[in-house]
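Single-structure report; data block below.
Derivation of every value follows stated rules applied to the coordinates shown; laboratory data play no part. Being a predicted model, the structure only gives us computed values, none of them experimental. FYI the Cβ positions are ideal-geometry reconstructions off the backbone, even for glycines, and counts take in every protein chain you see.
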């Protein structure tokens, strides 16, 4: 898919923050803050997808990774099923990782462990890799 106008500057602005959020997720995982690592990983996925959409001149709004994936499809981009599944899985951390009232009992930290953080970080890395691959194909 070829684009006549790509907003490289806006893509980079958002994409750099995705890297920072991903690094934050890794730091929080190492510190044992697994629920916050999951949230930061979710944010990395959001920022990366928003980078792609902003780079295409689409002004994405919202925080739902599934919806952002649908917006990418609507822009004519291929979103493979494995990436769609990754968006569904990672998007589940947006609220429950932070809010005590998202769980019947206990704080979010009681509901998240190191395996959750590692899976969320791996999911965010998959989304970032997907975004970078798509962007290179458009900007190449």
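Over the chain, Cα pairs under 8 Å with separation of 6+ residues give a relative contact order of 33 percent.
Could you list 39, 11 so that the one with the fewest beta carbons within 10 Å of its beta carbon is first and the one with the most is last? Spell out each step's value before the answer.
Details: 39 25, 11 21.
Neighbour counts put them in this order, fewest first: 11, 39.
Taking 44, 104, 117 in turn, the Gaussian network model of the chain (Cα-Cα springs below 10 Å) assigns the largest fluctuation to 104. Taking 0.36 nm per residue of separation and subtracting the Cα-Cα distance, full extension of the segment from residue 133 to residue 99 would add 8.9 nm.
Give me 98, 136, 126, 15 ranked fewest to most by other Cβ atoms within 10 Å of their Cβ, as a rough exposure proxy. List each step's numbers first, then the result.
Details: 98 14, 136 9, 126 18, 15 21.
The order, fewest Cβ neighbours first, is 136, 98, 126, 15.
Residues 131, 66, arranged from fewest to most other Cβ atoms within 10 angstrom of their Cβ, appear as 66, 131. One decimal place: the segment residue 92-residue 64 gains 9.2 nm when fully extended, by the rule 0.36 nm per residue minus the C-alpha distance.
Report the full-extension gain for the segment residue 109 to residue 9: residue separation times 0.36 nm, less the Cα-Cα distance, to one decimal in nm.
Details: separation 100, 0.36 × 100 = 36.00 nm, distance 3.71 nm.
Gain on extension, residue 109 to residue 9, equals 32.3 nm.
Rg then Dmax, both in Å and based on the Cα atoms of the chain: 15.2, 52.
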